[in-house]
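All remarks here apply to the structure that follows.
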Amino acid sequence: MSDYETITKLKDNINTFFIGKEEVVENLLVCLLAGGHVLLEDVPGVGKTTLAALLARSIACSFGRIQFTPDTLPGDICGVSIYNMKTGEFEYREGAVMNQILLADEINRTSPKTQASLLEAMAEEQVTVDGIVHMLPKPFMVIATQNPVEFLGTYPLPEAQMDRFMMRLSIGYPEREQEIELAAQVLNGKAPENAGAVCTAEDILHMKEAIKNITVGRPILDYIEDMIEMSRQEERFVLGASTRAMLTLMRASQGKAFMKGRDFVKPDDVKDVAMHVLLHRLVLSSDARIHKEDAASILKSIILKVKIPV
């Protein structure tokens, strides 16, 4: 089976149980294959946890879930060293991060110190506990969730940590017919927890390596850089896209091309992922917020202004 057939089968398997959200599923897989992490920002009850668990089952990977609360400690995530009286030595007890797919549920409900404990894992696929480095299982992906409606008792993610997520996605409510179909599936016993694996962790690692070989021509790099530069020059943004954002947009574009069965990136691939990759990294100026400017509308206008390479 070719890589394209494998990823198509994986996508179809998830869409069978997660009905009506094909674009969200595809972008989630783009992040997985491109080595990125995802922030799912949406109201409760639309399937954020279900989607993360379904992904882990479909690729036969271990799944860990940690519910963030104000009293969650860094050790709950990264693990701790415990003294063993029998051996007279400290032993490492694994935290929730020692899973291939980690769901960080309601990440904005925990303290900044605990939020920051995820940074090393997300950036370097390792954690350091008491000076000892522990490598994480591969593939490794963090799927964090937060509720954009509730603000009491929350700790908004700082810009530096938002920049670590490849994409910010929103699932949204399903259409009427799709929601009814979902209910019918549940009545017939076809629930997401019954989903089987269609590929393995080794298949995912192989496809991650294949994505690195997707051709990105110089005109495409210029196109991406023009988009990044325009975000920095936009006066209504006090913070434009970073160099990490540029590299992330490039990787996500490679992942999108791979999902389409191509070995080279087209401008449409960049446009398809640009909003999801860049929007959460841009910060409106105080003047723009006073005038109730919309960051998404500004970014869309920037994307439309950038000259498309021929």
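The values are calculated or read from the model by the stated rules, or taken from the named source; none is laboratory data. All of these numbers come straight from a predicted model, not from anything done at the bench. Because the Cβ atoms are built from the backbone with ideal geometry, glycine has one as well, and the counts that use them run over all protein chains shown.
Across the stretch 291-310, the qualifying residues are those that are of a type in the set (A, V, I, L, M) and part of a loop (DSSP other than H, G, I, E, B), and the one among them that is surrounded by the fewest Cβ atoms within 10 Å (Cβ to Cβ) is V310. Among the residues of the stretch 152-161, some residue qualifies, meaning at least one is assigned to a helix (DSSP H, G or I), over 19 Å from G20 (Cβ atoms) and not small (G, A, S). Only residues that are closer than 18 Å to L278 by Cα and either under 12 Å from the mean Cα position of the chain (by Cα) or modelled with pLDDT under 90 (or both) were counted across the stretch 1-41, and they come to 16.
Here's a check for you: in the stretch 263-290, which residue that is assigned to a loop (DSSP other than H, G, I, E, B) and modelled with pLDDT of 95 or more is farthest from I214 (Cα to Cα)? Reasoning before the result, please.
Filtering the stretch 263-290 for residues assigned to a loop (DSSP other than H, G, I, E, B) gives 263, 265-266, 282, 285.
With modelled with pLDDT of 95 or more added as a condition, the list becomes 265-266.
Details: V265: 7, K266: 11 Å.
Among residues in the stretch 263-290 that are assigned to a loop (DSSP other than H, G, I, E, B) and modelled with pLDDT of 95 or more, the one farthest from I214 (Cα to Cα) is K266.
Here L118 fulfils each of the conditions (1) out of contact with any Pro (no Cβ under 7 Å at 6 or more places or on another chain); (2) in contact (Cβ under 8 Å) with a residue 60 or more places away in the chain apart from (2). Within the stretch 2-24, the set of residues being in contact (Cβ under 8 Å) with a residue 24 or more places away in the chain and not in a helix (DSSP H, G or I) comprises F18, I19, G20, K21. Restricting to the stretch 212-243, name every residue that is over 19 Å from K305 (Cβ atoms), modelled with pLDDT of 95 or more and part of a helix (DSSP H, G or I). Result: R218, single match.
Residues in the stretch 181-222 that are more than 23 Å from the chain's Cα centre (by Cα), within 30 Å of P139 (Cα to Cα) and either aromatic (F, W, Y) or exposed (fewer than 11 other Cβ atoms within 10 Å of the Cβ) (or both): N194, R218. Under 25 Å from P156 (Cα atoms) and of a type outside the set (A, V, I, L, M), is that true of S253? When the stated conditions are applied, S253 does not pass them.
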